[in-house]
Amino acid sequence: MEKILITGGAGFIGSHTVVELTKAGYSPVIVDDFSNSNQSAIRGIESIIKQSVKVYEGDCNDAQFMNDLFVAEQNITGVIHFAAYKAVGESVEKPLQYYQNNVGSLMVLLDVMKKNGVENVVFSSSCTVYGEPDQLPVTEKSPIKPAESPYGNTKQVCEEILEDVIKSDADYKAIALRYFNPIGAHPSSHIGELPLGVPNNLIPFVTQTAAGHREQLTIFGDEYDTPDGTCVRDYIHVVDLAKAHVKALQHFKNQNTPYYDVFNIGTGKGNSVLEVVKTFEKVSEQKLKYKIGDKRTGDVEQVFGDVEKANNELHWKAALTLEDALRDAWNWQKKLK
Ligand code: WQD
């Protein structure tokens with residue numbers, strides 16, 4: 001069984017990927033500092049896969065710790081690098097922490113991989129690199145726009161680092177997956193999103209409002225140039241997204257070093273905030289309290305991805321619907337209570 005290191009493996013996308021990797025016959029090893037995740041995610045993973053999973057607690061910026069981990073584990077064949085800070089607003093307040101953690105950890109990782117003869121790395125990137133797109137859907141060839149936040153910039157810089165390193169060094173294969181908006185939870189309700197404090201993202205705010213933890217949802221603007229005036233995003237079920245990582249690892253097998261490429265990972269379809277609300281009301285069989293508020297600074301009007309490249313080259317396609325994702329997110333929220 002191939003051993004894959006999953007940094008940030010206790011997080012939202014990481015935990016679902018650990019499950020899908022196990023189902024696909026890989027042996028995942030998690031490293032996480034639990035700064036924005038919880039041990040309960042590990043128990044959730046183990047309930048689904050019905051076996052224990054190996055976890056190292058520590059900081060991916062700590063080169064000594066990371067090197068010791070690679071030496072202790074020996075034959076790691078690939079890494080999926082999720083570990084990162086991800087709050088857009090917080091990144092504006094604390095840019096240094098974001099650059100240090102998000103960019104620093106990738107640099108440590110590439111160095112430690114090299115020292116230990118590990119070639120393959122999948123990197124968590126984001127559709128945020130496209131900014132406000134000139135044309136929709138965005139393809140991987142769409143222009144990269146100046147980042148709206150330090151968080152967004154860390155994703156751009158990390159992609160550039162990967163590209164430069166791979167240009168200079170024949171011993172790596174890397175894929176950056178540009179995620180659109182990951183939502184949902186595992187259908188078993190054993191793992192899902194665990195936002196700290198008041199959620200910034202739409203779906204956790206919706207489910208927490210429905211559960212009575214929030215007074216009401218504020219929809220950020222309804223005068224955008226979109227069919228119903230609210231912003232449009234490409235919402236992708238986290239289980240589909242997790243499966244894309246398995247496909248990326250399999251894709252490395254057919255490539256020679258050096259190799260670097262980027263793929264959009266979304267559904268290819270845009271949904272408005274109001275459509276999300278209506279679909280949520282349908283699957284949860286209840287009315288959601290919401291009001292229309294001001295635009296949120298930094299929000300793009302519309303973004304959804306052209307996912308042909310991932311369909312054709314990674315042989316991956318999103319299979320689950322917005323309804324599936326919202327039902328799973330709601331079942332997860334009900335379990336959390
Ligand atoms: C979705 C839509 C809001 C909350 C961000 C990051 C991105 C990525 C995912 C993360 C928007 C609207 C939201 C609310 C609302 N990376 N909304 N009321 O902004 O598309 O993407 O998260 O790790 O890089 O920028 O996602 O879920 O915050 O918002 O009306 O209370 O919902 O305006 O149109 P976003 P989101």
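With a 1.4 Å probe and all protein chains in place, put 334, 287 in order of accessible area, largest first.
Correct descending sequence by accessible area is 287, 334.
Out of segment 214-275, which trypsin sites (Lys or Arg not before Pro) are coil in DSSP terms and have no more than 16 other C-beta atoms within 10 Å?
Answer in residue order: 253.
Which of rounded, prolate, oblate describes segment 168-230, given a ≥ b ≥ c as roots of the alpha-carbon gyration tensor eigenvalues and a/c under 1.5 marking rounded, otherwise prolate only if a/b is larger than b/c?
Oblate.
What's the local net charge at residue 46, with K and R +1, D and E -1, over the other residues with C-beta under 14 Å away?
Here the count lands on +4.
Sorted by average packing, counted as other Cβ atoms within 10 angstrom per residue and highest first, what order do 18-24, 6-12 take?
Result, highest mean first: 6-12, 18-24.
Compute the long axis of helix 150-168 from its Cα atoms, compare it with the longest principal axis of the Cα atoms of the chain, and write down the angle in degrees, 0 to 90, nearest 10.
30
Excluding ligands, DNA and RNA, what is the solvent-accessible area per residue of segment 182-245 at a probe of 1.4 Å, expressed in Å²?
Roughly 37 Å² per residue, with all protein chains present.
If r is the Cβ-Cβ distance from residue 200 to residue 292 and R0 is 22 Å, what FRET efficiency results, to the nearest 0.05?
E(calc), rounded to 0.05, equals 0.75.
Let's test the formula: R0 of 45 Å, r as the Cβ-Cβ distance of residue 111 and residue 132. What FRET efficiency results, to the nearest 0.05?
So the FRET efficiency works out to roughly 0.80.
Using the Karplus curve 6.51 cos²θ - 1.76 cosθ + 1.60 with θ = phi - 60°, work out ³J(HN,Hα) for each residue of segment 302-309 in order, rounded to whole Hz, and write x for Gly and Pro.
9, 8, 8, x, 8, 10, 4, 4
Relative to the longest principal Cα axis of the chain, at what angle does helix 12-23 sit, 0 to 90 degrees, rounded to 10?
That works out to roughly 60 degrees.
Which shape class applies to segment 17-76: rounded if a/c is under 1.5, otherwise prolate when a/b exceeds b/c and oblate if not, where a ≥ b ≥ c are the square roots of the Cα gyration tensor eigenvalues?
Verdict is oblate for segment 17-76.
Restricting to DSSP loop positions (anything but H, G, I, E, B) with no more than 12 other Cβ atoms inside 10 Å of their own Cβ, which trypsin sites (Lys or Arg not before Pro) remain in segment 37-95?
Loop-located and lightly packed - 50.
Mind running the shape call on segment 117-230? Use the C-alpha gyration tensor, a ≥ b ≥ c as the square roots of the eigenvalues: rounded below 1.5 for a/c, prolate if a/b tops b/c, oblate otherwise.
oblate
Sticking with the crude label model, points 7 Å out along Cα→Cβ, report the distance from residue 218 to residue 171 in nm, one decimal please.
It is 5.2 nm.
Residue by residue through segment 209-226, which ³J(HN,Hα) values in whole Hz follow from phi under the Karplus form 6.51 cos²θ - 1.76 cosθ + 1.60 (θ = phi - 60°), with glycine and proline marked x?
With the stated coefficients, segment 209-226 comes to 5, 4, 7, x, 7, 10, 4, 7, 7, 9, 7, 7, x, 9, 10, 6, 7, 10 Hz.
How large is the Kirkwood hydrodynamic radius of the chain, in angstrom, based on all distinct alpha carbon pairs?
Its Kirkwood hydrodynamic radius stands at 20.2 Å.
Mind checking the angle between helix 63-73 and the chain's longest principal axis? C-alpha axes, 0 to 90 degrees, to the nearest 10.
In the chain, helix 63-73 runs at an angle near 70 degrees to the longest axis.
The values are calculated or read from the model by the stated rules, or taken from the named source; none is laboratory data. All figures in this text were calculated on a predicted structure; none of them were measured in a lab. Neighbour counts run over all protein chains shown; Cβ positions are idealised from the backbone, glycine included. SASA here: full protein model, heavy atoms, side chains in, ligands and nucleic acids out. Shrake-Rupley method; radii C 1.70, N 1.55, O 1.52, S 1.80 Å.
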